[in-house]
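The values are calculated or read from the model by the stated rules, or taken from the named source; none is laboratory data. Note that the coordinates shown come from a computational prediction; the quantities given were computed from them, not determined experimentally. Here the Cβ is made from the backbone with ideal geometry for all residues, glycine too, and neighbour counts use every protein chain on show. Areas reflect the complete protein model, heavy atoms only, side chains present, ligands, DNA and RNA absent. Shrake-Rupley method; radii C 1.70, N 1.55, O 1.52, S 1.80 Å.
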Amino acid sequence: MAAPVHAADPPDAPWWRHAVIYQVYPRSWADSDGDGIGDLPGITARLGHLRDLGVDALWLSPFYRSPQVDAGYDVADYRDVDRLFGALADADALITRAHELGLRVVVDLVPNHSSVEHPWFRAALAAGPGSRERDRYHFRDGTGTDGEAPPNNWESVFGGPAWTRVSDADGSPGQWYLHLFDPAQPDFNWDNREVHEEFEEVLRFWLDRGVDGFRVDVAHGLVKKEGLPDHRARTHLLGDTEDAAAHVLDGQAPEPTHYTPYWDQDGVHDIYRSWRRVLDSYGPPDRILCAEAWVEPQDRAARYVRSDEMHQAFNFDFLGTPWIAEDLVAVIERSLQAADAVGAPSTWVLSNHDVVRHASRLGFPPGTPRPNGIGAEDPQPDRELGLRRARAATTLMLGLPGSAYLFQGEELGLPESTDLPDDLRQDPAFHRTGGAEKGRDGCRVPFPWAKDVPALGFGPTAATWLPQPAAYGACAVDQQEGVSGSTLELYRSLLRVRRELSLGSGSLALVEGYGRDVVAFVNGGTEGRPLLVVANLGREPVAVPGDAEVIVASGPLEGGLVPPDVAVWAAWS
């Protein structure tokens, strides 16, 4: 028996409703000049890998001019390329080459905060209290007898207070400014009209250069509650409690995100409606907005993808779901219903540059709270089990209707780097928490292209900005290309079949009768060739129906049966 959950898109649905988009982290994908840091020319030279993989587009993490305090998410100039990565001409060349290869290009936009080196912030420091320049950010007088205490009790996502005090022109202590992240990342004041106008011009600058869309960083954080009231909990990207991410993993529902005075305020939606009008003014084909919005519950998250706002929003609810079949079925059904209610696709994701890679995360027992990084002294994931489950999870994900994002290296089965020496860590979260959180460096290690060459082929020298773990050699592209059963060839097969059967545009019906340890559904595609997806999360092998032919499997079958932690696609008449 199959229970319908989601209806198919029409065959002419816009590209973004079913696209698979690959995240490139520029400093870690390919280095052209040998300085140990990836760059735009390096990316351009390697775009053939993405064409051969079978994705529809790439998303580039920030490459703008920046002091690199938070790996480029502290932007000093939104209209220029940091010399670390190249020049504007290199960005133009990358966009042109990607389009020649049939790949669209999505760039990161960071509108919640700038760098302290941004000209506006420098002007704000020089102008003083009450000025037009300071109104572009959140400057406030302190509390206490002499203003010696912060304006409120908010804490930074990276640890410590969310306020830093500046000095006046005479050297005396002055006002405080808000930074929900690092002190080098002051938050813009989106009640200021100039901020709105500036970002609409930034959108046009990059659209005029040919980009196909924007991934919007901290999309749920731009607007703060009027009066900036105190809040009782530590600032967290997902929600409003100390262990918000863990709540998702252990099945508890965190308090709705909009109860937090700095997340998911209703005013953000007017911003995105105005941005949508800018993008729509460029005509077909659609240029897109994708929200990084850590928002609960799902119906609040779906507000970001209403027909006059964003096109996509990452499904972090899915990313945070433990490897438990009943939980996955529930989140799939809940996600599709919430997206369908506003006429949007669900946008699936398992890994990105901010979380532990799913090949390692799934190597922990289900329900383990998701750590912000893993160190050598921390409990270690089961690497073999993690990869086995990761391959099954991706097979499950790419069988779902909607769009999907991949993170560089997951197609190689890369594990998290868990043995980075602390003195080489660069993530502000590590330093701001005094090492209590290892941070995100472990998922950002340079990409392995070839096993038996310096830097695993990352660049022309042996230099890498972070050391590559020994395990990465066996994962390199040249060790997997053309090798039957390799993770790279699995991804290529999945993406090829997904495209051939139009699975991203398909219908979905849950298949009943497999029991509580199996996720099973039929994707109807739009080609009249339904596909059965079966993911076995239990301890015993399961069978596929006799009239179904397995065409892709995440791992070897056992006597025709699907073993534990394996997922299959089967053509079903």
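Points worth noting:
- Theoretical gain in end-to-end length, ALA470 to ALA169 [0.36 nm per residue, Cα-Cα removed]: 103.2 nm
- Qualifying GluC sites (Glu not before Pro) in region 472-532, where qualification requires a DSSP coil assignment and no more than 15 other C-beta atoms within 10 Å, comprise GLU481, GLU512, GLU527.
- Among beta bridges from DSSP that stay inside the chain, the antiparallel ones total about 60%.
- In range of the label at ALA2: residues from region 393-408 whose backbone nitrogen is under 16 Å from the point 7 Å along Cα→Cβ: 399-402
- With the simple spin-label model, which puts each label point 7 Å out from Cα in the Cβ direction, the GLU100 to GLU117 separation comes to 3.2 nm.
- Between SER131 and ASP33, the C-beta separation translates, for a Förster distance of 56 Å, into a calculated FRET efficiency of about 0.85.
- Measure of compaction for region 349-488 (Cα Rg per 2.2 N^0.38 Å): 1.05
- Virtual paramagnetic centre 7 Å along Cα→Cβ of VAL550, amide N under 20 Å, in region 485-519: 485-498, 511-519
- Karplus-derived 3J(HN,Hα), 6.51/-1.76/1.60, for each residue of region 103-119, Hz, glycine and proline x: 10, 8, 10, 10, 10, 7, 10, 10, x, 6, 8, 10, 8, 5, 8, 4, x
- Computed over the chain: relative contact order in percent, which uses C-alpha pairs under 8 Å that are six or more apart: 16
- 5 angstrom amide H check on HIS179, placed H, neighbours 5+ away: TRP163, THR164, ASP187
- Taking label points 7 Å from Cα along the Cα-to-Cβ direction, ALA149 and GLU500 give a separation of 6.7 nm.
- Every pair of different Cα atoms in region 161-233 enters the Kirkwood calculation, which places the hydrodynamic radius at 15.0 Å.
- Value of [θ]222 nm, deg cm²/dmol, for the chain, DSSP H segments ≥ 4, -39500 (n - 2.57) each, nearest 500: -7000 deg cm²/dmol
- Theoretical gain in end-to-end length, ARG193 to ASP92 [0.36 nm per residue, Cα-Cα removed]: 33.3 nm
- Rounded to the nearest Hz, the phi-derived 3J(HN,Hα) couplings of region 41-50 under the Karplus curve 6.51 cos²θ - 1.76 cosθ + 1.60 (θ = phi - 60°) are x, x, 5, 4, 5, 10, 4, x, 4, 6, where x marks glycine and proline.
- The protection proxy used here, the mean number of other Cβ atoms lying within 10 Å of each residue, ranks peptides 145-153, 83-91, 404-412, 220-228 as follows, highest first: 404-412, 220-228, 83-91, 145-153.
- For region 96-231, accessible area per residue (1.4 Å probe, heavy atoms of protein chains only), Å²: 39
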